[in-house]
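The values are calculated or read from the model by the stated rules, or taken from the named source; none is laboratory data. Note that this is a predicted model, so its numbers are computed, not measured. Don't worry about glycine lacking a Cβ; one is built from the backbone with ideal geometry, like all the others, and counts go over all protein chains shown.
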Amino acid sequence: MTKPILVTMGDPAGIGGEILLQAVLSGNLDLAGHPLVVVDDPDRLQRVTDALSLQINIEAIKSLGELPAASDASTIHVWPLPMKVPAELGKPSIAHADAIIESINIATAAVIEGHAAALVTNPIAKDVLLQSGFRYPGHTEYLGHLAQVAGFETERAVMMLAGPSLKTVPITVHIPLANVPLILRSGLIETTARIVHNDLRDMFGIQSPRLAISGLNPHAGENGLMGQEEEREIEPAIEALKKDGVNVTGPHPADTLFEASKRESYDVALCMYHDQALIPVKTLDMDNTVNVTLGLPFIRTSPDHGTAFDIAGKGIARPQSLIAAINMAADIAVKRTAHAA
């Protein structure tokens, strides 16, 4: 049987459940023959289904081995994870933290152990988990930790936002902007770039990836007049990467790096901090952009938005980014299999 793609519950008070159900019903999933399974509470999903008057069957399974050959557009298969405290849409609670984390743990273990083809994570609320004692700033960092615990030598889990016309990678991620110059070092830039280079080949079938690296400061520092990070950290990293055969250019001023004609000159832009990378790609196409984690021993994608508690249960959340994330996970699974052959 073709291995399934697993979807996590995400925060049960958010839009994850409803956009998953809408994604299945849309008929726009291209799973390449992979069944689709969500690790969630079947009763919770049934309540979401009833609240939104959706015509879909919620089928609990006992194991991944009993799945049909492919999913259909009227059924969602659920790996049961009963919740101790029922969730109310739009009202996040620390009482849900254990179930949120357990859904991630179960799905990740199944992918690491080879029982599933890929992992798609629904949005979580970081503040809810942090209040429960969870010590990771997001999915990306936690999944890197789980890979290391499983015995994999994961150098770094790297966030990439992949849209139809732009891919970006933030070299520093979930940290205050004031801390970026303190953390940004040549070694971090080099490590990130090498992971991106390797995984664009392995996961996306780009044989000779072209990497563009942005500057940190206005005008990429303008020869040191507007900051020293380009000369101290970014330029040495670029030279080291070039010596190792990585096709890389920069540092580029960030204010022109994402212009349409400029985007044709590279496959991915490596940016110095979170918003420098995420603003352009989300502005260009929020609905069809996907969060992909590079540097892991398994495939992980996610929609590029958050939990949207304010609209949960109102039937207005759009499933397009989750559809794109599921389809990309299936496509990467096919490409990775071909690359390994």
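Quick notes on this structure:
- For the range 106-133, filtering for residues that are within 16 Å of Ala157 (Cβ to Cβ) and surrounded by fewer than 20 Cβ atoms within 10 Å (Cβ to Cβ) leaves 1.
Let's see how each residue does on (1) surrounded by fewer than 19 Cβ atoms within 10 Å (Cβ to Cβ); (2) touching a Phe, Trp or Tyr at 6+ places or on another chain (Cβ under 7 Å); (3) within 19 Å of Thr168 (Cα to Cα):
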position: Lys282; (1), (2), (3): no, no, yes
position: Asp285; (1), (2), (3): yes, no, yes
position: Asp304; (1), (2), (3): no, no, yes
position: Ala330; (1), (2), (3): no, no, no
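- Single residue of Ile61, Ile94 found to be touching a residue at least 24 places away in the same chain (Cβ under 8 Å) and touching a Ser or Thr at 6+ places or on another chain (Cβ under 7 Å): Ile94
For (1) at pLDDT 95 or above; (2) of a type in the set (D, E, K, R); (3) surrounded by fewer than 16 Cβ atoms within 10 Å (Cβ to Cβ), each residue gets a yes or a no:
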| site | (1), (2), (3) |
| --- | --- |
| Thr192 | yes, no, no |
| Met203 | no, no, no |
| Val246 | yes, no, no |
| His252 | yes, no, no |
| Asp267 | yes, yes, no |
| Thr293 | yes, no, no |
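- The single residue among Ile311, Ile326, Ile316 that is β-branched (Val, Ile, Thr), farther than 27 Å from Thr256 by Cβ and under 13 Å from the mean Cα position of the chain (by Cα) turns out to be Ile326.
- Subset tally (residues that are out of contact with any Phe, Trp or Tyr (no Cβ under 9 Å at 6 or more places or on another chain), surrounded by 15 or more Cβ atoms within 10 Å (Cβ to Cβ) and aliphatic (A, V, I, L, M)) for the range 72-93: 5
- Selection of the range 236-256 for residues being aliphatic (A, V, I, L, M) and closer than 19 Å to Thr168 by Cβ yields Ala237, Ile238, Leu241, Val246, Val248, Ala254.
- Count - residues of the range 236-258 that are over 21 Å from Ser208 (Cβ atoms), within 24 Å of the chain's Cα centre (by Cα) and not small (Gly, Ala, Ser): 1
- In the range 230-257, the residues that are in contact with a strand residue (DSSP E or B) (Cβ under 9 Å, 6 or more places away or on another chain) and among the charged types (D, E, K, R): Glu230, Glu235, Lys242
- When the test is whether a residue is hydrophobic (A, V, I, L, M, F, W, C), assigned to a loop (DSSP other than H, G, I, E, B) and within 24 Å of Lys126 (Cα to Cα), Val85 passes it.
- Residue match in the range 95-112 (condition: out of contact with any Gly (no Cβ under 7 Å at 6 or more places or on another chain) and either in a loop (DSSP other than H, G, I, E, B) or at positive phi (or both)): no
- Hits in the range 138-197 (condition: of a type in the set (A, V, I, L, M, F, W, C), over 25 Å from Asn122 (Cα atoms) and part of a helix (DSSP H, G or I)): Leu177, Ala178, Val180, Leu182, Ile183, Leu188, Ile189, Ala193
- In summary, Gly144 fulfils each of the numbered conditions (1) in contact with a helix residue (DSSP H, G or I) (Cβ under 9 Å, 6 or more places away or on another chain); (2) surrounded by 15 or more Cβ atoms within 10 Å (Cβ to Cβ) with the single exception of condition (1).
- Only listed residue being over 24 Å from the mean Cα position of the chain (by Cα), within 18 Å of Ile171 (Cβ to Cβ) and among the acidic types (Asp, Glu), chosen from Glu222, Glu233: Glu233
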